[in-house]
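A.B. asks: Encoded as structure tokens, here's the structure I'll be asking about.
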Amino acid sequence: MARLVAAGAALTLTLAGCTSGERPTLVETASGQDTPPDGESEDVSQSVVIDVVDGDPQIVEDEPAESVPEPEDEPPADESSTGDPLADVPIVVYDTDMGPDIDDALALAMLHSYEKRGMIELGAVTVSRDSPLGARYTDAVNTFYGRPDIPIGVYRGETKEFDEQGKFINLAGQWENDVADSPIPDGFRVQRQVLVDAAAAGRSVIFIQTGFSGNLSTLIDSGADDISDRSGNDLVADHSSLLSIMAGATSGFVEFNVEYDVASARNLMPNWPGAMVQSPFELGDGIHYPYTSIRDDLNWVDRHPVKEAYEFNDLGWHQDAPPFYNMKTWDLTSVLYAVEPDAGYFVLSDPGKVTIDGSGRTGFSVGSDGLHRKLETADRHSEAQRNAIVDRMIELVSDRP
């Protein structure tokens, strides 16, 4: 068979092979146009079957042309969608004891890098002790990273005291911040507000705690107030996807973040109403953040609040201290896991439950019905994993606003 195919006014003849004894048959597709008065065109197409008899083509029948489908229009937008580009981005509440050690500040820098990359929204930072100076330094870092209006709260309860003189948070006044211009709200109330706002937007909240447990302990014990008529425990159970917490130890001593407020830790960790992943002391203790990165990778600006805070500290418990040291990555591990839990950086335990005795020593009991897990100690991670963890931390901390 042969086919004549028309495109506009042009005709193209395509011959197909015929079996012995067949007459060659042509199919002609002719295209004409009727032009409406308004100038728009309307295509009119038909197919014609032609027999070639003794070299003389003769029309034998008409048949409809094979139509080429018009491109489909884009499907209508889902009217039920909110169109909110942040709908699937988790909100993070970072609860920190900002001040005793510099790892809290580097962890905050990591969170700002994650937010810049669109992986989280940093909804609030709460300081887990009654430290206006710690709150001011936190606000200075947030302002440096372009987020001066992140809500900040502090814990109003009692914690074991330590001297803040000589700590890096004394540098707060050297960078722009406005926390001192207004009363600092209670941390648990800031956290309640984040949960209520997230619920209204249909979003989830990740809590990252790298200090004492007072704020979150008070949160789960809180009742109805002017923010919400629901208890804090119910708000957390319904709207928080994870608590990633740096606290406790596996080797039988009372770890710092538990020691300074044992009562709050004993209330929080066993009773948190959702998923919780513990980063124990021994993990960050065995993975070190190099000072060379602080020195070289944060020098793109004359004064960097995290770099100067790092170099201001003189802490004998860090590797190679003093004067400059490779820092143990305690708090950074909880941030890295919370935001990238499926990246394969960490070895994760089986499900179970964190326990704390009266003195503050933590344990972990495995059970398939448990909502808790823990990150395994540094020696359970391969050298490649440890290197990948440090490389990722450096990449995030070194990121520019």
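The values are calculated or read from the model by the stated rules, or taken from the named source; none is laboratory data. All of these numbers come straight from a predicted model, not from anything done at the bench. Cβ atoms come from the backbone with ideal geometry, glycine included; neighbour counts cover every protein chain shown.
A.B. asks: Residue under question is ASP391, and the condition is that it be in a helix (DSSP H, G or I) and more than 25 Å from the chain's Cα centre (by Cα); does it hold?
C.D. replies: On the way: in a helix (DSSP H, G or I): yes; more than 25 Å from the chain's Cα centre (by Cα): no.
When the stated conditions are applied, ASP391 does not pass them.
A.B. asks: Against the condition among the charged types (D, E, K, R), closer than 21 Å to ALA109 by Cβ and assigned to a helix (DSSP H, G or I), how does ARG136 come out, does it pass? Break it down stepwise before answering.
C.D. replies: Working: among the charged types (D, E, K, R): yes; closer than 21 Å to ALA109 by Cβ: yes; assigned to a helix (DSSP H, G or I): yes.
It is true that ARG136 is among the charged types (D, E, K, R), closer than 21 Å to ALA109 by Cβ and assigned to a helix (DSSP H, G or I).
A.B. asks: Another question, if that's okay. So PHE312 clears everything in (1) exposed (fewer than 15 other Cβ atoms within 10 Å of the Cβ); (2) within 30 Å of SER222 (Cβ to Cβ) except one condition, right? Which one?
C.D. replies: Status for PHE312: all satisfied but (2).
A.B. asks: For the stretch 112-132, which positions are modelled with pLDDT of 95 or more and in a helix (DSSP H, G or I)?
C.D. replies: Of everything in the stretch 112-132, those that are modelled with pLDDT of 95 or more and in a helix (DSSP H, G or I) turn out to be HIS112, SER113, TYR114, GLU115, LYS116.
A.B. asks: A further question follows. In the stretch 272-307, which residues are in contact with a strand residue (DSSP E or B) (Cβ under 9 Å, 6 or more places away or on another chain) and without any contact (Cβ under 8 Å) to a residue 12 or more places away in the chain?
C.D. replies: Within the stretch 272-307, THR292 is the sole residue that qualifies.
A.B. asks: If we scan the stretch 156-166, do we find a residue that is among the charged types (D, E, K, R), surrounded by 21 or more Cβ atoms within 10 Å (Cβ to Cβ) and in contact with a Phe, Trp or Tyr (Cβ under 9 Å, 6 or more places away or on another chain)?
C.D. replies: We begin by selecting, within the stretch 156-166, every residue among the charged types (D, E, K, R); these are 156, 158, 160-161, 163-164.
From what is left, the residues that are surrounded by 21 or more Cβ atoms within 10 Å (Cβ to Cβ) are none.
No, the stretch 156-166 has no match at all.
A.B. asks: Further question on the same structure: Hey, does the stretch 262-285 have a residue that's within 22 Å of ASN170 (Cα to Cα) and of a type in the set (D, E, K, R)? I'd like the intermediate steps shown before the answer.
C.D. replies: First pass over the stretch 262-285, keeping only residues within 22 Å of ASN170 (Cα to Cα): none.
No, every residue in the stretch 262-285 fails to be within 22 Å of ASN170 (Cα to Cα) and of a type in the set (D, E, K, R).
A.B. asks: Which condition breaks for ASP399 when tested against (1) surrounded by fewer than 16 Cβ atoms within 10 Å (Cβ to Cβ); (2) among the charged types (D, E, K, R); (3) on the phi < 0 side of the Ramachandran plot?
C.D. replies: Condition (1) is where ASP399 drops out.
A.B. asks: Give the stretch 296-325 a look and list any residue that's outside any loop (DSSP other than H, G, I, E, B) and over 18 Å from PRO100 (Cβ atoms), or say none.
C.D. replies: The initial filter retains those residues of the stretch 296-325 that are outside any loop (DSSP other than H, G, I, E, B), namely 296-297, 305-312, 319.
Answer for the stretch 296-325, where residues must be outside any loop (DSSP other than H, G, I, E, B) and over 18 Å from PRO100 (Cβ atoms): ASP296, ASP297, LYS307.
A.B. asks: Pull up the stretch 351-384, narrow it to residues that are β-branched (Val, Ile, Thr) and closer than 19 Å to THR333 by Cβ, then point me to the one that is surrounded by the fewest Cβ atoms within 10 Å (Cβ to Cβ). So that I can check it myself, show each step before the final result.
C.D. replies: Residues of the stretch 351-384 that are β-branched (Val, Ile, Thr), as a first pass: 354-356, 362, 366, 377.
Narrowing further to those that are closer than 19 Å to THR333 by Cβ: 354, 362, 377.
Details: VAL354: 25, THR362: 25, THR377: 18.
That would be THR377.
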